[in-house]
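In what follows, a structure is listed as structure tokens, so that the remarks can point back to it.
The values are calculated or read from the model by the stated rules, or taken from the named source; none is laboratory data. Note that the structure is a prediction, hence the values are computed from the model and not measured. For neighbour counting, all protein chains shown are included, and Cβ atoms are generated from backbone atoms with ideal geometry for every residue, glycine included.
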Amino acid sequence: MKIELENVKDINLSYVKDFFPEKYEKHKINEMNTGIENGEHYKLLSYLSDLFENETILDLGTRDGLSALVLSKNNKNKVITYDLLPKPEQMIPFENLIPNCEFKQMNVFDEDIEIIKSSKLIFLDLDPHDGIQEKKFSDLLESINYQGIVVCDDIEWFPKMNSWWNNLTQVKYNVTKFGHGSGTGIIDFSGSVDVLGL
Ligand SMILES: C[S@@+](CC[C@H](N)C(=O)[O-])C[C@H]1O[C@@H](n2cnc3c(N)ncnc32)[C@H](O)[C@@H]1O
């Protein structure tokens, strides 16, 4: 599979404005990250979801549902979004637009291992971003011989996240320039991804 990062800029997320007007403006959701604090990764997530068809994508950490919304844009895939907290109210206005998205209120570490293993794309964005859940999750993926790709948020700003990221032994790409100003990484557990345009 080829990830052509130059194509991320062509993703249109203007519809997000209807559901997250403040974030849309403040974080310039439909613009490219310029490496600054407000640069966001939602175009990248939407671009990546378009590379798959008839697959299950896992969104680890729902919060208000923004990452779930953009990952679900390609309705040929199913998205499962997880949070410890109840389903956010912000999802109610667009729930019916994304019937391919299922919210699960649960700890992601309690999920059926077969569901995790069968997902080709996972977005890992769990608070508090201290490297502990991230290490637990990457160890879990390694132990089950996971074969997909994992997009990781906040790999640069938080020292313990940075340390976890630097110590990963899998093939990995720092794609912050095309993602979130706080640091975005892609781990290729499949070993078969070409990342172009870095
Ligand atoms: C940074 S927010 C997610 C933001 C969201 N991905 C987005 O971009 O719109 C992180 C979320 O992870 C949730 N969380 C933390 N640990 C979790 C766990 N073990 N299982 C499920 N959710 C968890 C928190 O409750 C929080 O809402």
Unmet criterion (only one of (1) within 14 Å of the ligand (Cβ to nearest atom); (2) aromatic (F, W, Y); (3) at pLDDT 95 or above) for Y47: (1)
Qualifying positions in segment 101-135 - away from the ligand (no atom under 11 Å from the Cβ) and in a helix (DSSP H, G or I): I113, E114, I115, I116, K117, S118, K135
Conditions (1) on the phi < 0 side of the Ramachandran plot; (2) surrounded by 24 or more Cβ atoms within 10 Å (Cβ to Cβ): number failed by I92: (2)
Residues being more than 12 Å from the ligand (Cβ to nearest atom), assigned to a loop (DSSP other than H, G, I, E, B) and modelled with pLDDT of 95 or more - total across segment 76-97: 2
Qualifying residues in segment 50-75 (those that are among the hydroxyl-bearing types (S, T, Y) and part of a loop (DSSP other than H, G, I, E, B)) - the one nearest to the ligand (Cβ to nearest atom): T62
Matching option when the condition is touching a Leu at 6+ places or on another chain (Cβ under 9 Å), surrounded by 16 or more Cβ atoms within 10 Å (Cβ to Cβ) and in contact (Cβ under 8 Å) with a residue 60 or more places away in the chain, among T184, T176: T184
Within segment 64-101, tally of residues that are in contact with a strand residue (DSSP E or B) (Cβ under 7 Å, 6 or more places away or on another chain), closer than 21 Å to L44 by Cα and basic (K, R): 1
